[in-house]
Structure formats: C-alpha cells, structure tokens
Amino acid sequence: MNIFDKYIAETIKSCCAHPLQPLPRPESFWPLQEKNTFLMERDTAVELGGYPKESVNLILPSSRLREKTVFNGSDGTDQRERAQEKILSDGVYCIGDPAIMDGSQSHVSFGKIVLLEAEDITDGDLYAFTQEELLTDARIRMKDVMLRQSPTHYNINLRVGKAALAAGFDAAKAGWTVHEAFCRMEKVRSVTVILLVGENELYKKLLGTAEKVKEVTLTLNHIFDGIEMDCGHCEQKEICNEIEGMRALHKKKLREIK
C-alpha cells in the first residue's frame, strides 16, 4: 500500500516550499450531479486549467501518511517542519490566491493534489483501490461546473459557469466538495486536498510526479493481469526497479496464480 510513498515525499517537499493557505470548511458542500455540466464559452465565468494554461491533477494514497510529516533534508528548518505537519493534516489548502477563481480573470492555471491516508490495503486489493480513486475523482461532477480531464487523469480543466459564481461557488467550496467525495471512499481515514491556483513553477514539478504515478498504476495493472514475469523485456522494468516492493509484489502474485 505504500509504493507511492516516494512520490508523496517529493510532492510534500515541493508544496512546502510555497505558502499554504488553509481554506475554511463551508456550511455546505457544492451540489453534485449525475451528469457532467456542458458549458459554452459565453456561459463561462472562469476557466481553470486547460490549454494554453497549465494544470495538474495528482492523487496519492498511503497507509502511513502521518509518518511522512517531517522532511529530513539537510536544508530542513523548524519552520519548514511545522509547515509540513500542517499540509498533512486533514483539510483543504490553497497555494496561490483563491480569489482568482472569482472570475476576475477569464483563464488561469489550476491544479488539484489529493493525499489519502487509508487503512493498510492488502496486495490483492491494491490495484482495485487505485482504480476506485480514479472513479471517485471522475464522479465529482459539480453543478454548473464543467469537468474535463485528460485520458491520463493527470491534467484537469474546470469551466466554472456564471451561474455557479452567482450562487456562491469559490475555492473553499470546490476544495471541500472534493475532500468530502474522497472521504466517502471505503478504507479512507483522512484526506488532504491542495488547490494550486495561478501561475507557479510547481506545475512542471508535479506533472513529472503525476507521470510516474500513472506508470506505477499501469505496472500494477500489468502485475494483476497475471502477465508472465520476463523482466529483461518488460516495458515496466524501470518502474519495478525504482519502487521498493514492486518486484516482490509481482513475484508473489505469480506464485498465487500458479
């Protein structure tokens, strides 16, 4: 369950280098609906993410998230460690100015990072859990907000309608609605959501992490499909070598199949 810990540490370190603003929990969450909203440009108040702006969508689970509260780098300071503890507490935070989502700018860069602390998931349930994450994310269809995601799931575009802004949609309601959706997942104990709003060099750093997470998920699919182990010719060899426990998981799964 902790094969993503390396990427969690990288993400935390990158985010802690920027001011984090906690967003207050609203009295109510933004309403969700079964079907995705379709919005024309003339009905749009603000576009979050989407070409040519930058975006990132990153979901990272671990069963020992709270053990990662202190980054033991040589440049670590007490202040940095306290910031790290804050980012890992259950809640919603923003890097950048959340007010940018009020429609004062028509198109801004946008990102969403979700850190999940879950019960220890067995090897056999690990792939199913990662797929449930993606399904949960795709089902967050907010009223009067059009959701568009890349096939890889690590880019995101929210087209916020004028009707949504008029009804009080803002960064806090968006973030806490995402928080609540992931809290409803079975075995999830706590959720940390970080919204990234406006221009920032973080997008490029986090996109690299998101690509690695996608590769790990594909490797899990490879393993749980019961594909025969031929490490010399496997396209996922680099990931198995990079992630502690991945090769052992593959061997264990093959023994179970045989």
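The values are calculated or read from the model by the stated rules, or taken from the named source; none is laboratory data. Everything numeric in this text was worked out from a predicted model, so none of it was measured. Cβ coordinates were reconstructed from backbone atoms using ideal geometry, including for glycine residues, and neighbour counts include every protein chain displayed. Surface accessibility is based on the protein's heavy atoms, side chains included, excluding ligands, DNA and RNA. Shrake-Rupley method; radii C 1.70, N 1.55, O 1.52, S 1.80 Å.
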**Q.** Of all residues in segment 191-233 being open to solvent by less than 10 Å² (accessible area, probe 1.4 Å) and of a type in the set (G, A, S), the one that is modelled with the lowest pLDDT
**A.** A210
Q. Do we have G175 as in contact with a Ser or Thr (Cβ under 8 Å, 6 or more places away or on another chain), farther than 23 Å from D125 by Cα and crowded, with 18+ Cβ neighbours inside 10 Å here?
A. no
Q: Kindly indicate whether any position in segment 33-42 is more than 15 Å from F169 (Cα to Cα) and either open to solvent by less than 60 Å² (accessible area, probe 1.4 Å) or touching an Asp or Glu at 6+ places or on another chain (Cβ under 6 Å) (or both).
A: yes
Q) Is there any pair linking a residue in segment 148-177 that is more than 19 Å from P98 (Cβ to Cβ) to one that is modelled with pLDDT of 95 or more and small (G, A, S), with Cβ under 9 Å and at least six apart or on different chains, and which? A) R148/G49; S150/S55; Y154/S55; N155/G49; N155/S55; A163/A45
(Q) Looking only at residues that are of a type in the set (A, V, I, L, M, F, W, C) and free of Cβ contacts under 8 Å to residues at least 12 places away in the same chain in segment 110-137, which one is surrounded by the fewest Cβ atoms within 10 Å (Cβ to Cβ)? (A) L135
**Q.** Failed item, numbered, when L48 is tested on (1) modelled with pLDDT of 95 or more; (2) exposed (fewer than 15 other Cβ atoms within 10 Å of the Cβ)
**A.** (2)
Q: Just give me the residues in segment 143-159 being out of contact with any Leu (no Cβ under 6 Å at 6 or more places or on another chain) and open to solvent by less than 20 Å² (accessible area, probe 1.4 Å), in sequence order.
A: I156, N157
Q: Test each condition in (1) buried (at least 21 other Cβ atoms within 10 Å of the Cβ); (2) in contact with a Leu (Cβ under 8 Å, 6 or more places away or on another chain); (3) assigned to a helix (DSSP H, G or I) for A164 and report the one that comes out false.
A: (2)
